[in-house]
Amino acid sequence: MKLNEINLFRTMVRLRAFDEACIEGVPTFEIHGELHTSIGQEAIGAAMAQSLTLHDAVVSTHRNHYHALAKGVPPRALMAEIFEKETGLCRGRGGHMHPFDPEHNFSATGIVGASLPVALGYAYNFKLKGLPYIAVGICGDGATNHGTFHECLNMAAAWGLPLVCLVENNQYAISVRFSDVTATPGIAERAAAYGAFGRRVDGTDVEEVVKAFAEVARYTRKGGGPSLLEATCYRHRGHYEGDHDNYRERAEKQRMRAEMDPIARYRRMLVERGAAEDELDQIVAAAKGEMSAMLADIRKDAMPDPAGAMDHVFAEVV
Amino acid sequence: MTADMTANMRKINASQAVAESLFQEMERDERVVILGEDVGRCGGVFGSSRNLLDRFGPMRVRDTPISEMSFTGMGVGMAMAGLRPVVEIMFVDFIGVCLEQVYNAMAKIPYMSGGRVKMPMVIKTAGGNIGSAAQHSQCLWATFAHLPGMQVVAPSSARDHKGLMAAAIRSDNPVIFIEHKGLLLKQAKEFLNAGDVPAEAFVTPIGKADIVRQGGDITLVTLSASVEYAMEAAAQVAGEGIDVELIDLRSIVPLDVETVAQSAAKTGRLLVVDEDYLSFGLSAEIIVRVLERLGPSSLRQLRRHAVPDVPIPAALSLEEVLVPGPASIARVLREMAAAS
Ligand SMILES: Cc1ncc(C[n+]2csc(CCOP(=O)(O)OP(=O)(O)O)c2C)c(N)n1
């Protein structure tokens, strides 16, 4: 596969600009509940975007914006949903933790551990119909200690289902360190126990993630059964916007943000390869401009009409 | 409360009141152990287990992985082995993950064992609407109350957060203790249903409702954060000559029907306000039990005001019209007063 470096850089920068625009809605109380951003985890979303087709399914978590965008969910509709607008992907009913886009086979859940079973359902459908698509179930390191992780990988392997389990190992589940609740160094090593294909990658090295994701996706798409990709990374912000985050040492956070920033890393790499600094700067400025214009536009949209509060409980609109 | 009455009150919020109760109960009884996600190093996502890890160490204050099914079941085993576990399920919405252990084990084992096994276990969890959409807003107390064998407690005042937690821990029954996310960070003196939180350990008995406002016109029964909303509504309509008697149930199993029925017999009008779903729930249960006690035509008016069987939407413009709040409660009170 030939990598288009500038595109990859732009994709990551747009993802980050998207989440940065969302963050603006928290202090203003336009967004309610716990907004989870993925800042620092852009390489993973960008890599997924390279290997997925329209019909592949992605089931994500509470930290889902990048995955949605990678799957092709329209950014404006997604952001409008995050801002709880009638123009949002789910008419303002779902909100930031619960975006559903059936046209792109994308969904998410706010319940940890609940993404993989739903992805398994998509995978089953693909197998049943003999379709060449994959279902990507995404979870954090924390979710891998949930029973569903074991149950889903077991079923997927036993039945040869096209499930890619993508683990974003950012080392923390809120305040709980991965190493405090898991005895093995990582998660990828579990794949062998299920008869799945397992691989670990530095999730902040975007070119490596692109290759690794493409590899597991290809394996599973070709009928090899489930695969497990562990992408290591670091959550740059609090668990949610507003989290005091005093369970991680300041020094650790500073060091990790410096070392594990996929965008800064890639930028250095591209400059070393001869990219012009101001071309990269322009890409960053354009992404920020795009997202803040989008936000300004969305802010003019209407909130859902209270008269429709009871609509959509059942299929028939009453 | 007047300004000089609140001036001398302790500066403590509801989550600190819970944490203080846990601290004192753990000092008092070394069998008490707390486990759950983020209860240790960060002291609970709402701070309601703060300071415990430093004092009691990781064997008694255990940060768990996100493995609710197994650590809830582990709580059952710990209780059977002679400990007194407090298991935290961060948000009550996540109970679905471990409900099996709750209703097939925790709630049933005392009975299945013919009374030979006790279940001194507490599930501590947070519910309630604060704009967090369908999967992080529910109350679900009626779901637990429906399962035989569970005691179900949901405190309102800061003082009750402390006293009821102590009672739950000391109880030999399985208790589910449902905090409200909208109350936990509120200072004791900011509660409309104010009351100082004693510094020393004390117990608020489970099963005894609290008449938080005396009145002669309408009996309003509720619990948890809705007590605060109802206080506000009652104050609003008081100016219009509607005198509300407000009852904080504190627990729904056991349910203090006696107190409710006495009040309803006096006022002739009964309103149940419930932040949980309307159907097959607390509101119908209370009304039926009162009518069973007082007779089917004993009351002039019966009203229910609850979440109308719809998942909680993300947009506040929608949440506001679905979840009972001060304004909607006042509106229902006015309608009742106008009707007769
Ligand atoms: C079943 C369940 N338990 C607990 C929670 C609360 N919770 C939300 S996110 C989270 C941590 C998740 O950690 P991880 O899976 O590593 O994902 P990350 O947040 O690091 O992306 C927890 C405990 C939940 N939403 N669902």
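The values are calculated or read from the model by the stated rules, or taken from the named source; none is laboratory data. As the structure is a computational prediction, the values presented were derived from the model and not from experiment. Heads up, the Cβs are rebuilt from the backbone with ideal geometry, glycines too, and the neighbour counts pull from every protein chain shown.
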Test: residue in the range B:84-106 that is more than 14 Å from chain A (Cβ to nearest Cβ) and of a type in the set (G, A, S): yes
Looking across the range A:232-253 at residues that are buried (at least 21 other Cβ atoms within 10 Å of the Cβ) and away from chain B (no Cβ under 13 Å), the single one that is nearest to the ligand (Cβ to nearest atom) is A:R235
Counting only residues that are crowded, with 24+ Cβ neighbours inside 10 Å and in contact (Cβ under 8 Å) with a residue 60 or more places away in the chain, the range B:229-248 contains a total of 5
Here is a check on your reading of the model: is A:M256 out of contact with any helix residue (DSSP H, G or I) (no Cβ under 8 Å at 6 or more places or on another chain), surrounded by 11 or more Cβ atoms within 10 Å (Cβ to Cβ), closer than 22 Å to A:D19 by Cα and away from chain B (no Cβ under 14 Å)? yes
Would you be able to say whether some residue in the range A:161-184 is more than 24 Å from A:M48 (Cβ to Cβ), out of contact with any helix residue (DSSP H, G or I) (no Cβ under 9 Å at 6 or more places or on another chain) and more than 10 Å from every other protein chain (Cβ to nearest Cβ)? yes
When A:L228 is evaluated against the numbered criteria (1) hydrophobic (A, V, I, L, M, F, W, C); (2) surrounded by 14 or more Cβ atoms within 10 Å (Cβ to Cβ); (3) assigned to a loop (DSSP other than H, G, I, E, B), which criterion, by number, is the only one it fails? (3)
Number of positions in the range B:18-44 that are within 15 Å of the ligand (Cβ to nearest atom) and among the aliphatic types (A, V, I, L, M): 2
What's the total number of residues in the range B:150-173 that are buried (at least 24 other Cβ atoms within 10 Å of the Cβ) and farther than 19 Å from B:L249 by Cβ? 1
Could you tell me which numbered condition A:S227 fails, if it satisfies all but one of (1) within 30 Å of A:C22 (Cα to Cα); (2) touching a residue at least 60 places away in the same chain (Cβ under 8 Å); (3) small (G, A, S)? (1)
Collect the residues in the range B:240-266 that are aliphatic (A, V, I, L, M) and outside any loop (DSSP other than H, G, I, E, B), keeping them in residue-number order. B:V244, B:L246, B:I247, B:I252, B:V253, B:V257, B:V260, B:A261, B:A264, B:A265
Checking the conditions here, which among A:A302, A:A287, A:A309, A:A258 is closer than 30 Å to A:R91 by Cα and without any contact (Cβ under 8 Å) to a residue 60 or more places away in the chain? A:A309
All-but-one check, B:F91 against (1) in contact with a strand residue (DSSP E or B) (Cβ under 7 Å, 6 or more places away or on another chain); (2) away from the ligand (no atom under 12 Å from the Cβ); (3) of a type outside the set (S, T, N, Q), failing number (2)
Which fully enclosed helices (runs of 4 or more DSSP H) of the range A:111-224 have 2 or more residues being in contact (Cβ under 8 Å) with a residue 60 or more places away in the chain and away from the ligand (no atom under 15 Å from the Cβ)? A:115-129, A:147-158, A:206-219
Can you tell me which residue in the range B:41-57 is surrounded by the most Cβ atoms within 10 Å (Cβ to Cβ), limited to those that are out of contact with any helix residue (DSSP H, G or I) (no Cβ under 9 Å at 6 or more places or on another chain) and in contact (Cβ under 8 Å) with a residue 12 or more places away in the chain? B:V45
A:D311 being modelled with pLDDT under 95, within 14 Å of another protein chain (Cβ to nearest Cβ), surrounded by 15 or more Cβ atoms within 10 Å (Cβ to Cβ) and out of contact with any Phe, Trp or Tyr (no Cβ under 8 Å at 6 or more places or on another chain): yes
Among the residues of the range B:33-72, write down those that are more than 11 Å from chain A (Cβ to nearest Cβ) and in a helix (DSSP H, G or I). B:L52, B:D54, B:R55, B:F56, B:T72
From the residues in the range A:58-86 that are in a loop (DSSP other than H, G, I, E, B) and either more than 11 Å from chain B (Cβ to nearest Cβ) or within 16 Å of the ligand (Cβ to nearest atom) (or both), which one is surrounded by the fewest Cβ atoms within 10 Å (Cβ to Cβ)? A:P74
Scan of the range B:281-315 for residues that are at the interface with chain A (Cβ under 10 Å from one of its Cβ atoms) and either surrounded by 20 or more Cβ atoms within 10 Å (Cβ to Cβ) or in contact with a strand residue (DSSP E or B) (Cβ under 6 Å, 6 or more places away or on another chain) (or both), ordered by number: B:D309, B:I312, B:P313, B:A314, B:A315
Looking at (1) surrounded by 11 or more Cβ atoms within 10 Å (Cβ to Cβ); (2) touching a helix residue (DSSP H, G or I) at 6+ places or on another chain (Cβ under 9 Å), which is the one condition that is false for A:R299? (2)
Pairs under 6 Å by beta carbon, first residue closer than 18 Å to B:V39 by Cα in the range B:68-81, partner small (G, A, S), six or more apart or different chains? B:M69/A:G147
Looking only at the range B:57-95, how many residues end up being over 19 Å from B:F177 (Cβ atoms) and of a type in the set (A, V, I, L, M, F, W, C)? 5
